[in-house]
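Every number here is computed from the coordinates shown, using simple stated rules; none is lab data. Since this is a predicted model, take the numbers as computed values, not measurements. Glycine also receives a Cβ, built like all others from the backbone with ideal geometry; neighbour counts cover every protein chain displayed.
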Amino acid sequence: MKKRVFILLPVISILILTGCTTSNTVTNNDTSDSQDNRNQNDSSSEDSVEVDYTIEMSDHKFSITEIKASPGDSITIELKGGQGIHDFVLDEFSVTSRLLSSGDSQIITIDIPSNASGEYEFYCSVSNHRQLGMVGTLIIE
Ligand SMILES: [Cu+2]
C-alpha cells in the first residue's frame, strides 16, 4: 500500500505541472495563432503545386525515364538536382529547364497539344550527357 502512494505522488505532481503549462499556452494566443498560420501555409503550398512526376537528375541519368500523358494534358514535373549539373530539355514542346545542381529544384509544366501523339525524347543538354544515355521518353497516348 505504501508503494502505491509513492508511485501516485509523482504522477499527480506531473499532472499539476502539465496542467499549469497548458493553461499558460492557452492564454498565450500568439503562439497558437502562429502555429495555425504555419499549418495553413503548408497545406496551401501543397495544394498549389500538384506535381505529376518528380525526377531526380544525377550523373548521368534521370530517375524516371518514362512519362505518360494524354493529348491536351498539362503535366507538371518537379526536377531535383543531384550529383553533377543537369537540365531537362524537350525540344518538341519547347521545354528547357534551368541548370540544376545538388539541392536545386525547379517545377516545369509541359502543355501537350491536343493533336500530339507518339513518343518524344527528353534529354539533358549538358556536355555529352545525352550521348551518355541521360535521356527519357514522353509517351502520349
Ligand atoms: Cu546531365
If the chain between SER125 and THR76 were fully extended at 0.36 nm per residue, the gain over the current Cα-Cα distance would be 15.6 nm
Residues LYS68, LYS61 in order from fewest to most other beta-carbon atoms within 10 Å are LYS68, LYS61
So the pair-distance distribution of segment 53-140, from every Cα-Cα distance in 10 Å bins, comes to percents of 19, 55, 23, 3
